[in-house]
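Values in this text are rule-based calculations from the coordinates and carry no lab data. Remember, it's a predicted structure, so these values are computed and weren't measured experimentally. Note: ideal-geometry Cβ built from the backbone for every residue, glycine included; neighbour counts use all protein chains shown.
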Amino acid sequence: MKRKLGRLLMLLLVIMTVILPLASVTNTANAATTQKTTLTDKHLSSIKKKGYITVGLSADYPPYEFHQTIKGQDKIVGFDISIAEKIAKDLGVKLKVNEMGFDALLGALKTGKIDMIISGMSKTPEREKEVTFSKSYLNVKQVVMAKKEDAGKLRSSSDYEGVKVGVQKQSFQEELAQKELFGAKITSLQKMTDLVLNLQNNKIAEFTIEVQHPMN
């Protein structure tokens, strides 16, 4: 499935882009600078005391995080995993991975079920009201992707009246589609692989996704 997903994404056509930063996320929201420092110290002490840090992610988004069979075992891999492993190593603790739906990540962080999110999550003003983001480690393009035969029909945001558009639940792409693709019929799904399958089966005309863009 992952290989098929990769091949399909290579065949899809990029129509429009918006560049945004990605960052890791920690639970120190709605506080002044001194309060943030205090909360961070408290959480850090708790993490070191228990001996592990728990990262929350949705492992359906290669190359950030995805499932791969390694030596006969199913593993979650990707460069977000590598970042999480480095953070754990620097803290001197073990890494635990809690896989869940993307739309559940912020709630899990706020309730203490996970210690941080590293899951291709873009910083937005709305999210910054709830949680604290790290410095950006990657710029990404938000792109609209469709089958080649539909590319000529979807050249601008005004071409989406009545068009079925797929997005991941509670993602920035969902917000972008709702605000910028005028008149589109939005279908919000749990996983990126579900969006690909819906596109293959002509249940949606396109979906929005982010791709890597070099940092300046």
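Remarks
- Highest mean first, the peptides 80-91, 117-128 sorted by other C-beta atoms within 10 Å per residue fall in the order 117-128, 80-91.
- About the Cα centre, charge dipole magnitude for segment 25-134 (Lys/Arg +1, Asp/Glu -1 at Cβ), debye: 520 debye
- Counting 0.36 nm for each residue step from residue 186 to residue 211 and taking away their Cα separation leaves a gain of 6.9 nm.
- Binning all Cα-Cα separations of segment 25-134 at 10 Å, short to long from zero, yields these whole-percent fractions: 14, 45, 33, 7, 1.
- Segment 139-216: C-alpha gyration tensor shape, a/c 1.5 cut-off, then a/b vs b/c: rounded
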